[in-house]
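Visitor: The structure is given below, and queries will be raised subsequently.
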Amino acid sequence: MINSPLAIKCVAIDDEPWALELIRQYVDEFTELELLATFDDAIEGAAFLQENKVDALFLDINMPDLTGLELASQLVEPPMVIFTTAHKKFALEGFELNALDYLLKPIDLERFRRTVQKIKEYHQFRNPDSEAKPTSLYVRSEYRLVRVALGDIVYIEGLSDYIKIHLKSSPHPLLTLMTLKGILDELPESVFRRIHRSYIVAIDQVQSIQNRKVQMSNGIELPISQSYGDFVEVWGKS
């Protein structure tokens, strides 16, 4: 354990002492992490979380009195949740609660290492350096947290409460439960612009504009609505 204000602060909750000890040993392998506390009682752990700021939570699902799923659903401002369990059947429910990852017991160190990498990347995403320009964003798709490089995005299509992210690297778009306004708030305005109530485009992926339509680098034509007509001037200066 380390005591650094820059460390990613973690808590582990599990009713099995051996599982808590394993988490403690694994966390000690990574200087980026600081294990603030461990609890073998879910109710005590929940009380600690209400009073203390935590970045990441290793949380067993199958516990008496209060299950990990119940605990996670009660958190008002949840940290990054990593569910730990011996039962694969809980994976779907876990990801529906926006879990960052899911570790199957007995946890392998190399698998834990991959989880730590996710923790580090998502922590950086949530706490960006004010001087650093964002290069990626995170979205949930098919019960996974997916890192999307901004430079890979061609355009984004809105479908009511869902969006499709069309990528250079894949013929199949990423589908995620989110609104165009919601994702636009996470995108740099100098790189992405909304051109229609249903479309956001990467400015550098627009090949041409004619008759209020843009031709994208993947050959798709998209309309420019009248309310976003200033995009033509923006693109001309890019």
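The values are calculated or read from the model by the stated rules, or taken from the named source; none is laboratory data. Treat the numbers as computed from the prediction; the structure is a model and nothing was measured. So basically every Cβ, Gly included, is an ideal-geometry build from the backbone, and we count neighbours across all protein chains shown. These accessible areas exclude ligands, DNA and RNA; they are computed on the full protein's heavy atoms, side chains included. Shrake-Rupley method; radii C 1.70, N 1.55, O 1.52, S 1.80 Å.
Visitor: Please sort by residue number the GluC sites (Glu not before Pro) in the range 5-43 whose DSSP state is loop and whose Cβ has at most 12 other Cβ atoms within 10 Å.
Guide: Numbers: sites: E21, E29, E32, E34; in loops: E29, E32.
Taking the range 5-43 and a limit of 12 other Cβ atoms within 10 Å, the loop GluC sites (Glu not before Pro) found are E29.
Visitor: From Cα pairs below 8 angstrom and at least 6 apart in sequence, can you work out the relative contact order of the chain, rounded to a whole percent? Kindly include the intermediate steps, with their values, before the conclusion.
Guide: Details: 380 pairs, mean separation 23.9, N = 238.
Dividing the mean separation by the residue count of the chain yields 10 percent.
Visitor: Also, I was wondering about something else. Report in % the part of the accessible area of the range 71-227 that belongs to carbon and sulfur, leaving out ligands and nucleic acids; probe 1.4 Å. Kindly include the intermediate steps, with their values, before the conclusion.
Guide: Numbers: 4280 of 9030 Å².
Looking at the range 71-227 in its full context, I get 47 percent from C and S.
Visitor: For the chain, treating each Cα as an identical point scatterer without solvent, what Debye log10 I(q)/I(0) comes out at q = 0.15 1/Å?
Guide: For the chain, the Cα-only Debye profile gives -0.99.
Visitor: Running a GNM on the chain with Cα contacts under 10 Å, which residue among I61, I13, I224 ends up with the highest mean-square fluctuation?
Guide: Ranking I61, I13, I224 by mean-square fluctuation puts I224 first.
Visitor: What is the gain in length, in nm to one decimal, between Y143 and E16 on full extension, counting 0.36 nm per residue of separation less the C-alpha to C-alpha distance?
Guide: Working: separation 127, 0.36 × 127 = 45.72 nm, distance 2.69 nm.
Result: 43.0 nm gained on full extension.
Visitor: Gain in length, E110 to L184, computed as 0.36 nm per residue apart minus the alpha-carbon separation, to one decimal in nm? If you can, show how the numbers build up before the last one.
Guide: Values: separation 74, 0.36 × 74 = 26.64 nm, distance 3.56 nm.
Stretched fully, the E110-L184 segment lengthens by 23.1 nm.
Visitor: Also, quick follow-up: I need the calculated FRET efficiency for the pair F125 and V76, taking r as the beta carbon distance and R₀ as 22 Å, to the nearest 0.05. Can you show the working numbers first?
Guide: Values: r = 21 Å, r/R0 = 0.94.
E between F125 and V76, to the nearest 0.05, is 0.60.
Visitor: Give me the accessible area per residue for the chain, probe 1.4 Å, as a whole number in Å². Can you show the working numbers first?
Guide: Values: 13350 Å² over 238 residues.
Result: 56 Å² per residue.
Visitor: Additional query: What is the angle, in °, between the Cα long axis of helix 17-27 and the longest principal axis of the Cα atoms in the chain? Nearest 10 is fine, range 0 to 90.
Guide: Value to nearest ten degrees: 50.
Visitor: Give the residue list of trypsin sites (Lys or Arg not before Pro) in the range 7-113 that are DSSP loop and have at most 10 other beta-carbon atoms within 10 angstrom. Numbers along the way, then the final one.
Guide: Working: sites: K9, R24, K53, K88, K89, R111, R113; in loops: K53.
Those satisfying the criteria are K53.
Visitor: Do any GluC sites (Glu not before Pro) in the range 105-172 lie in a DSSP loop with no more than 12 other beta carbon atoms within 10 Å, and if so, which? Before the final figure, lay out the partial values.
Guide: Values: sites: E110, E121, E131, E142, E157; in loops: E131, E142.
Filter output for the range 105-172: E131, E142.
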